[in-house]
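Asker: Have a look at this one.
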Amino acid sequence: MINHNGKTYICLLDFAMDFIRGKWKAILLCHLYDEPKRFLELQRITSGISQKVLNENLKELINDELIDKIIYAEIPPKVEYFLTDKGQKLTKIIKEIEEWSISYYSHLDSKCTKSE
């Protein structure tokens, strides 16, 4: 058993999966894979996520050091979210899972297209 930040995990795999557990974290990481995105861009491309849930997930990903943000000194303020090196490595693994799903299950979703 592994204890970290008040949580108990069965093994290191269980611990690692906690970084992407939930409906939105892996999707957000994948959307940040190619380039930084602003808050409203992320909300638009992940249709169905509320501002509150998006904000919570982004904060958790920042706390886990998977993403970071740049705040530009502009009015109105411009904020961009981007993957850290740690986030890039994890997202590569998530992209491989996505490719596996596309290879074997794309027939289930008529909108499913191969990601770039």
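The values are calculated or read from the model by the stated rules, or taken from the named source; none is laboratory data. None of these values were measured; they are calculated from a predicted model. Cβ sites come from the backbone with ideal geometry, for glycine too, and all protein chains shown count toward neighbours. Keep in mind that these areas ignore ligands, DNA and RNA; they rest on the heavy atoms of the full protein, side chains included. Shrake-Rupley method; radii C 1.70, N 1.55, O 1.52, S 1.80 Å.
Asker: Taking Ser47, is it assigned to a helix (DSSP H, G or I) and without any contact (Cβ under 8 Å) to a residue 12 or more places away in the chain?
Answerer: So Ser47 fails the test.
Asker: Would you say Thr84 is touching a Leu at 6+ places or on another chain (Cβ under 8 Å), in contact (Cβ under 8 Å) with a residue 40 or more places away in the chain, surrounded by 13 or more Cβ atoms within 10 Å (Cβ to Cβ) and not hydrophobic (A, V, I, L, M, F, W, C)?
Answerer: Answer is no for this residue.
Asker: Considering every residue within the stretch 56-70, establish whether at least one is modelled with pLDDT of 95 or more, open to solvent by less than 60 Å² (accessible area, probe 1.4 Å), in a strand (DSSP E or B) and not hydroxyl-bearing (Ser, Thr, Tyr).
Answerer: yes
Asker: I'd like to verify a number: residues in the stretch 31-49 that are loosely packed, with under 15 Cβ neighbours inside 10 Å, modelled with pLDDT under 95 and closer than 21 Å to Lys92 by Cα, how many?
Answerer: So the count comes out to 2.
Asker: Quickly run through the stretch 55-107 and pick out the residues that are of a type in the set (S, T, N, Q) and under 16 Å from Leu32 (Cβ atoms).
Answerer: Scanning the stretch 55-107 gives Asn55, Asn57, Asn63, Thr84, Gln88, Thr91.
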